[in-house]
Structures are given as structure tokens and as C-alpha cells.
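Take a look at the structure set out below.
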Amino acid sequence: MAVILTRDLYKTYNPDTIPVHALNGVSLSIEEGEFTAIVGPSGSGKTTLLNILGGLDSPTSGYVEVGGTDISQLSENELIDFRKNHIGFVFQSYNLIPVLTAYENVEFVMLLQGRPEKERKERTEALLAAVGLADHMDRRPSQLSGGQQQRVAVARALAPRPSFILADEPTANLDSHTSANLLDIMGKLNHEEKVTFIFSTHDSRVIERAHRVVTVEDGVIISDEGMKR
Amino acid sequence: MKQWLILAWRNIWRNKRRTLISAASVAFAVMFATSMSSLQKGGWDRMLNNVVHFYFGYGQIHAQGYWDEQTIDRSLELQPDTLAVLSAMIGNKPIVPRLESFALASTGPITMGVLVSGIDPSGEDSLTDLADRLVAGQYFTSQADDGVLVAEGIAEELELAVGDTLVLLSQGYHGVSAAGKYPITGLVSFGSPELNKLMVYMPLETAQYFFGAEGRATSLVLGLDNVKEAKAAVSLLRRQLDPAVYEVLDWEQLIPDLVQARGLDDAGNTIIILILYLIIAFGLFGTVLMMTKEREYEFGVLVAIGMRRRLLTGVVWVEIIFLAAVGALMGMALALPIVWYFHINPIVFTGEMAQAYEQYGVEPIIPTVVESWIFVKQALIIFGMASLMALYPWLKIRTLSPVQSMRH
């Protein structure tokens with residue numbers, strides 16, 4: 001079943017002044033449980049594509065269906081709620097809330113969802129244990145290493161039980177050992193819990209582990225290497 | 001809700017130094033405004049209390065038109081039961097009669113204008129504590145005592161002492177000549193320098209005889225204890241008494257000049273405090289501006305991961321309120337001992353400053369008042385100011401694009 005379906009996506013920035021065509025007719029379908037890397041050089045349009053898939057940006061034209069919902073039809077608040085309930089985000093620079101502990105960061109989106117405290121506690125502890133940070137729950141981001149922060153970010157992204165996770169260059173700020181460790185964790189979650197991961201990346205280590213690699217250049221998909229699982 | 005409050009509280013301490021500086025500026029404004037307001041209110045309350053409690057009372061009944069043209073010809077005729085009937089109307093509060101008119105007082109070659117006030121000795125004492133104001137001699141013992149009590153300013157001016165004779169000359173009821181010699185049985189002293197140079201007291205019956213106005217009084221002073229009682233009693237009397245015959249005035253109508261002067265002083269004080277708060281507001285706004293700008297990226301992330309803008313704005317609003325509240329509480333904590341100290345030990349002006357005050361009929365003593373409303377008012381101003389500050393982050397968050405924010 002397709003978690004994400006796009007048809008003829010176009011995105012043009014500054015259409016009235018100096019138009020920049022970031023996407024030029026992207027059609028893509030991503031199935032549940034995929035571990036997909038979107039690759040391409042800087043300026044190729046992969047971040048724009050990821051933003052549109054995450055409901056953070058809207059296409060100039062084309063169709064985006066996420067989990068069976070045409071997200072272009074959603075109002076601002078509906079879109080925020082949609083992201084909260086269906087999409088997990090992992091950012092390049094972690095973006096944890098600095099004044100909250102690792103535990104509180106992971107719990108945060110479940111608080112927004114209004115989940116009961118017992119459920120929040122169980123899930124937070126389980127996720128932090130899954131990413132190997134059971135002993136670091138009470139630490140704030142400034143007391144964690146980059147790799148540990150990114151693992152908290154992955155746990156946070158998983159907390160609301162999203163349909164899929166969008167990870168924008170998740171290993172860009174990590175050393176090779178930490179990157180490998182993080183990819184192991186994400187691979188395990190993908191394999192064991194069938195979590196769908198979509199990465200935008202330059203990192204060859206991520207590309208090596210991806211089951212599918214979609215290459216974007218000048219706003220079009222120039223290759224889509226199928227499932228290699 | 002608890003978690004959002006915790007988040008807001010922790011957020012204000014991200015930059016401790018900046019928060020403390022901002023809070024300190026708010027604290028200074030609150031301390032200054034609270035102390036200044038307490039001092040100003042204390043001064044005015046004392047002055048009005050002097051004037052109201054020691055002379056005018058919280059309300060008076062006169063013959064219609066007396067207050068506009070204060071002549072003995074517009075006095076009231078007192079029937080034997082008049083005071084009892086009026087007292088019953090206002091819950092048996094005392095009604096104290098006075099017969100007052102101006103006269104020339106002289107001794108030897110020196111003459112000055114005075115206000116002769118015929119009083120019911122026991123009633124007047126219970127109303128204005130007149131006996132307590134004696135600084136020499138003794139108080140009246142009956143309505144028919146033949147002596148007078150003279151304010152010490154007059155005694156000083158006329159070079160008189162207890163046991164000396166005061167000559168009074170005036171025009172009595174319906175134009176009769178009023179002249180008499182009265183032994184001075186006591187000297188009284190008032191807080192108000194104006195009253196100190198004005199008042200000559202004699203028992204009511206003696207005054208009625210002096211002015212040829214037997215059985216008459218120019219004013220009936222209501223023996224009320226506070227503003228609230230006055231409001232109710234005056235309104236009741238106005239409804240029940242014939243307005244063609246009587247006029248009933250409350251204390252604000254009796255001393256309109258002072259009430260107006262207080263209003264002007266209040267307005268001046270309000271302007272100064274507003275300017276102060278405006279300056280502080282700009283400082284606080286600088287903090288809010290920086291706080292918003294440096295967290296634009298984070299706001300974008302929060303909206304991206306599913307935090308509604310309204311909730312985010314609410315958390316930021318609480319942060320600003322917390323920041324201002326820390327300052328306001330610090331300011332109040334600093335102001336309280338200052339206000340309390342000057343409440344117990346009022347500022348007493350001496351020398352030229354005291355003379356300047358006395359020229360305006362004001363006692364040169366200024367205590368502060370310790371009133372919760374003054375503190376609450378500052379807190380409300382700070383709350384309003386902080387809420388206004390929150391408009392900026394609200395506007396920013398409302399128009400924020402997560403993609404743009406995360407690009408910075």
C-alpha cells in the first residue's frame with residue numbers, strides 16, 4: 001500500500017520575479033515499510049520534495065497524497081495536526097528543545113497529541129531504550145553528544161507512531177562511527193517495526209543501506225533504483 | 001497545562017543574565033511607581049482626613065442655598081426634635097449642629113478675620129476630637145459657657161494667651177449687630193495651618209446669643225465614619241428631605257478645591273509613572289525582540305512537528321508574563337519595606353519646605369499608605385504591558401513559515 005503518492009509535482013520559487021524551478025514534474029510512490037534515500041546534488045530539489053511530502057511546503061501544481069489524504073486540501077491547523085499524527089521528522093541539526101530533557105523531548109509530540117500520561121511514559125521509556133539512551137533520559141541536549149542527540153531526535157520522531165519518517169540529512173553532522181550506529185538503529189526499527197523511512201542525503205553510508213534510491217537532478221527524478229531488500 | 005507552564009518557565013532562564021537585567025528594570029519601575037503612589041496617596045489621605053475629620057465631616061445639611069452664599073441669614077431653624085429625627089434617618093448616627101459666621105477679632109490695635117464657630121461641645125468633641133486639640137487651658141463644660149477656644153495661630157497673631165479677653169465684632173442674623181468680649185479658656189492646635197489661623201470656637205448657645213440667632217444653626221454635620229457610610233447617608237437624606245428647604249452635601253462637594261487638586265496631582269503622577277513604564281517597556285520589548293528573533297528556527301521546528309501556532313503563542317505569552325512577573329515581584333518586595341518604613345515614620349518637612357507647605361494650608365507631614373490596591377495596580381500595569389509585548393511574537397508566529405524559519 002502506498003504511504004505517499006505524488007503526481008506531476010511542480011514547484012517554482014519567485015514565479016513573478018526570477019523564477020526558480022525546484023521541481024519539474026515529480027511523480028513518486030513510496031510503499032509502507034520502505035527505507036528510501038532521495039539523493040542528488042545541492043540544489044537538485046530533494047529538500048523541496050521532502051518539504052512537500054512533509055506538508056511543510058505546498059507544490060505550485062501537482063498532487064500529493066499522504067496516507068490516503070490529499071494534503072493540499074487541508075487547512076493550516078489540519079495540516080499541523082496531520083503532521084503531528086502521521087509524520088515524524090528528523091532534522092540535520094537535531095533540533096531538540098534545549099530546555100527539555102531527552103525524556104521530555106521524546107514525550108513532547110505525544111503531549112501535543114493529548115495522549116494519557118501512562119502511555120506517554122511507557123512509550124518514551126521504550127523508545128529511549130530502543131535507541132540506547134535509557135540511561136540518559138534526564139539529560140538535556142547540551143549534556144548529550146551529537147550522535148546521542150540525533151538518536152533522541154529519532155525517538156521523538158517515532159513517538160507519535162507516524163505513518164513514515166522524513167529524515168533530512170540525518171547523518172550530516174555525525175562522525176562515521178556515530179552515523180553507522182544511528183543507521184543501525186533506524187534499520188532495525190525499519191526491519192522489526194516496519195517503520196517507513198525516507199531520507200534526503202548525500203551520505204554514501206546512508207545510500208549503501210537504503211533499499212531504494214531515488215536520484216533527483218534539476219527537479220526531476222533521473223533514476224529510481226528499486227527495492228534491493 | 002502544567003508541562004506548558006514548566007516549558008515557559010525554563011525558557012525564560014535560557015539566558016539568565018538577560019532575564020535578570022530585564023526583570024531588574026521592571027523591578028525598578030515597580031518599586032519606584034509603588035513607592036511614589038503610596039507616598040502621594042498617603043499625603044493626600046492625611047490632608048483630606050485632616051480637613052474632613054477635623055472640620056468638615058463626611059457630609060453636612062444646610063438650608064437650601066447656604067453653601068453658595070454662606071451667610072448667617074441662610075441658617076436653619078432647629079426644632080427641639082430636629083436633630084433626633086435626622087439622626088434616626090441615618091441609623092442613629094450623631095448630627096452635630098454648628099452656627100458659623102465670620103467676625104473681626106481684635107485685641108488692642110491688632111485685628112484679624114476669624115471664623116466663629118458655635119458648637120455643641122460634647123457632639124463636636126465626639127465628631128472632631130476637638131478636646132484633644134487643646135494645647136492650653138480647658139475645654140467647654142456646657143452649652144452656655146461664656147468663654148472661647150482660640151486656634152493657636154490666631155493667639156499668636158493677636159498676642160493672646162489663656163485668660164486674656166478676645167473682642168469679636170460681626171453682623172448677626174438679619175443684620176443685627178454682633179459684638180462681645182469673651183475670655184479665652186483654651187488654645188487649640190490643628191494639623192492644617194489654614195485652620196490654625198481661622199477658628200474661634202464658642203458653645204452653640206453662646207454663639208446663638210452673639211449672632212442674635214437663637215435656635216438656629218448654619219450647618220448640621222453628619223457624624224459618619226467613612227466615605228462608604230457618607231455615600232449611603234447622603235443619598236438617603238437627599239431622597240427624604242425637601243430639596244426646597246435643605247441641601248445635603250457630601251465631603252467632595254464640601255471641599256471641591258482639594259478634591260480637584262488631588263485629581264490634578266493624581267493625573268501628574270500617572271503621567272510620570274506612564275513615562276517610566278514606557279521607558280521600561282522599550283527595554284522589555286528589546287528582550288522580547290531578541291528572544292523571538294533567536295528562536296525563529298526553533299518556532300519553525302515546533303510548528304513542523306505539530307505544535308499549533310495558538311499553543312506556541314500561548315507558551316511565549318506565558319514566558320513574557322513570567323519574565324515581567326519576576327520583575328514585578330522583585331519590585332514589590334523592594335517597595336514593601338520602603339513603603340512600610342515611611343508609613344511608620346512619615347516624612348516631616350522642616351524649614352522653608354515646611355513653610356511652603358503651610359502656605360498652601362497643607363500639613364508638612366507625608367506618610368505613605370500600605371494599600372494592597374497600589375501593589376495590585378502595578379501588577380496589572382505590568383501584566384498589560386507584558387501582554388502588549390507578546391503581540392510581536394504572536395505576529396511573528398502567526399505569519400511564520402516553517403520552511404523559511406528552518407532555512408535561517
Next item on the list: Subtracting the Cα-Cα distance from 0.36 nm times the residue separation, let me have the gained length for B:Thr399 to B:Gln355 in nm, one decimal.
Entry: 9.6 nm
Check: When we measure straight from the Cα of A:Lys11, which lysines land under 21 angstrom away, once same-chain ones fewer than 8 places off are left out?
Finding: A:Lys46
Note to self: Can you compute 3J(HN,Hα) from phi for each residue in the range A:177-187, using the Karplus curve 6.51 cos²θ - 1.76 cosθ + 1.60 with θ = phi - 60°, rounded to whole Hz and x for Gly and Pro?
What the structure shows: 5, 5, 4, 4, 4, 5, 5, 4, 4, 5, x
Margin query: I'd like the distance separating the alpha-carbon centroids of the range B:297-312 and the range A:87-162, in whole Å.
Written below: 16
Item checked: Contour excess over end-to-end distance, with Cα ends at B:Arg74 and B:His53 and 0.36 nm allotted per residue -> 5.1 nm
Next item on the list: Just need the relative contact order of the range A:75-170 here, percent rounded to a whole number, with Cα pairs under 8 Å and 6+ apart.
Entry: 51
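Would you mind estimating how fast chain B diffuses translationally, via Stokes-Einstein at 25 °C and 0.890 mPa s with the Kirkwood radius over Cα pairs, in µm²/s?
Result for D is 96 µm²/s.
Dipole size in debye (nearest 20) for the range B:59-223 around its Cα centre, Lys and Arg Cβ +1, Asp and Glu Cβ -1?
So the magnitude is around 160 debye.
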Next item on the list: Can you tell me the dipole magnitude for the protein assembly as shown around its Cα centre, using point charges on the Cβ only (Lys, Arg +1; Asp, Glu -1), in Debye to the nearest 20?
Entry: 3480
Note to self: Of A:Gln92, B:Thr111, A:Ile198, which is farthest towards the positive pole of the protein assembly as shown's charge dipole, taken about the Cα centre with +1 and -1 on the beta-carbons of Lys, Arg and Asp, Glu respectively?
What the structure shows: A:Ile198
Next item on the list: Arrange the peptides A:190-202, B:230-242 so that the one whose residues have, on average, the most other Cβ atoms within 10 Å appears first.
Entry: A:190-202, B:230-242
Check: Can you give me the relative contact order of chain A as a percent, contacts being Cα pairs under 8 Å and 6 or more apart?
Finding: 30
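For peptide B:107-117, how many partner chain Cβ atoms fall within 10 Å of a residue's Cβ, on average?
0
What is the dipole size for chain A, taken about its Cα centre, with +1 at each Lys and Arg Cβ and -1 at each Asp and Glu Cβ, in debye to the nearest 20? Don't skip to the end; give the middle numbers.
Working: 22 positive and 31 negative charges, 96 e Å.
About 460 debye.
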Next item on the list: Mind putting together the pair-distance distribution for chain A? All Cα pairs, 10 Å bins, whole percent per bin, short to long.
Entry: 8, 33, 36, 19, 4, 0
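Given only helices, namely DSSP H runs of n ≥ 4 each adding -39500 (n - 2.57), what is the per-residue ellipticity at 222 nm of chain A, to the nearest 500 deg cm²/dmol? Let's see the in-between values first.
Details: 7 runs with 82 residues, N = 229.
That comes out to -11000 deg cm²/dmol.
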Check: Say the dipole of the range B:59-223 comes from +1 at the beta carbon of Lys and Arg and -1 at that of Asp and Glu; which of B:Leu168, B:Ile95, B:Pro121 then lies farthest toward its positive end?
Finding: B:Ile95
Check: When DSSP beta bridges are limited to those with both residues in the range A:62-205, what percentage is antiparallel, rounded to the nearest 5?
Finding: 20
Notebook entry, point to check: So what is the relative contact order of chain B, in percent, for Cα pairs below 8 Å that sit 6 or more residues apart?
Noted result: 27
Notebook entry, point to check: So how do B:28-34, B:258-264 stack up, highest first, on mean other-Cβ count within 10 Å?
Noted result: B:28-34, B:258-264
Note to self: Taking each residue in A:73-83, count the Cβ atoms of any other chain within 10 Å of its Cβ, then average. What number comes out?
What the structure shows: 3
Next item on the list: Could you run the Karplus curve 6.51 cos²θ - 1.76 cosθ + 1.60 with θ = phi - 60° over the range B:13-18 and give me ³J(HN,Hα) per residue in whole Hz, x for Gly and Pro?
Entry: 9, 4, 10, 4, 4, 5
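Rank-order B:299-308, A:174-183 by packing density, defined as the average count of other C-beta atoms within 10 Å over each peptide's residues, highest first.
Averaged packing, sorted descending, gives the order B:299-308, A:174-183.
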Check: Around A:Ser200, which amide H atoms from residues at least 5 apart in sequence, or from another chain, sit under 5 Å from its own amide H, with H modelled in the peptide plane?
Finding: A:Ile38, A:Ala167, A:Asp168, A:Glu169
Notebook entry, point to check: Between B:Gln79, B:Ile6, A:Ser61, whose Cα lies farthest towards the positive end of the dipole of the protein assembly as shown when Lys and Arg beta carbons carry +1 and Asp and Glu beta carbons carry -1, centred on the Cα centre?
Noted result: A:Ser61
Next item on the list: Go through the range B:109-115 residue by residue and turn each phi into a ³J(HN,Hα) via Karplus (6.51, -1.76, 1.60, θ = phi - 60°); whole Hz please, and just put x for glycine and proline.
Entry: x, 9, 9, 8, x, 9, 9
Next item on the list: For the range B:59-223, state what percent of all Cα-Cα pairs lands in each successive 5 Å bin, counting from 0 Å until the bin that includes the largest distance.
Entry: 2, 9, 18, 23, 21, 15, 8, 3, 1, 0
Check: On average, how many beta carbons from a partner chain sit within 10 Å of the beta carbon of a residue in B:7-13?
Finding: 3
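Bear in mind that the values in this text are calculations on the coordinates, not laboratory data. Fair warning: this is a prediction, and the values are worked out from it, not measured in the lab. Reconstructed Cβ throughout: ideal geometry from the backbone, glycine too, with neighbour counts over all protein chains shown.
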